Amino acid sequence: MQRLFIAYFWAVVVGIPLGLLSGYSPRVKAIFEPVITFLRPLPPLGYYTIIILWMGTGNFSKIILLFLGAFAPIYVSCAAGVSRVRGDYISRAQTLGANKFQVFAHVIFPASLPDVFVGLRNA
C-alpha cells in the first residue's frame, strides 16, 4: 500500500499541473503530448522488464511502474478539461479586465475541476 500511495501522490503532483498547463499552453502541449500519446496505450506491465533493467528490482522500480500507470489518465483528463472550457467564459473574463493568471485561476481551473476529478478516479 505504501508503494501505491507514493506512486499515486507523485502522479497527482506531477499530472495535474502538467495536464492543466498542457491544456492551456500550446507550447507545453507540443512538448509533452507526443510522449503521453506514445505511453498511454501501452500496458504498464509491457514495459516492466525495461524498468527493472534500468532501475533494478527494488521498490523504486515498482513505484515508477505504478506512477506511469496513474499518470496518463490524470494528465489526459486535466488537458481535456481545460480544452473543454467554453471560449465565451474566457472572453467575458478578459472583457472585464482579467489578466492571464486571473483567467486561469478564476475561470479555467474551476471549469475543468470535474474532468480533473474524473482523471483522479480513473487513475
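The values are calculated or read from the model by the stated rules, or taken from the named source; none is laboratory data. On a predicted model such as this, the values are computed, not experimentally measured, just so you know. Don't worry about glycine lacking a Cβ; one is built from the backbone with ideal geometry, like all the others, and counts go over all protein chains shown. In case anyone asks, the SASA skips ligands and DNA or RNA and just uses the protein heavy atoms, side chains included. Shrake-Rupley method; radii C 1.70, N 1.55, O 1.52, S 1.80 Å.
Approximating the spin labels as points 7 Å out from Cα along Cα→Cβ, the A98-to-L39 distance works out to 3.1 nm. When a 1.4 Å probe is rolled over the protein heavy atoms, the share of accessible surface on the chain that falls to carbon and sulfur comes to 69 percent. Summary of packing: across the peptides 19-26, 74-81, 112-119, 40-47, the per-residue average of other C-beta atoms within 10 Å ranks them, highest first, as 74-81, 19-26, 112-119, 40-47. In nm, to one decimal, how far is the modelled label at Q2 from the one at N122, with both set 7 Å along Cα→Cβ? Result: 3.2 nm between the two label points.
Sorting S91, S61 on solvent-accessible area from highest to lowest, probe radius 1.4 Å, gives S91, S61.
For region 84-94, putting each phi into the Karplus relation 6.51 cos²θ - 1.76 cosθ + 1.60 with θ = phi - 60° gives couplings of 8, 5, 5, x, 5, 5, 5, 4, 5, 5, 5 Hz, in residue order, rounded to whole numbers and with x for Gly and Pro.
Computed with a 1.4 Å probe over protein heavy atoms only, the accessible surface of region 55-123 comes to 57 Å² per residue. Here's the picture: a label point sits 7 Å out from the Cα of S25 along the beta-carbon direction, and within region 44-86 the residues with their amide nitrogen under 18 Å of it are 75-76, 78-83.
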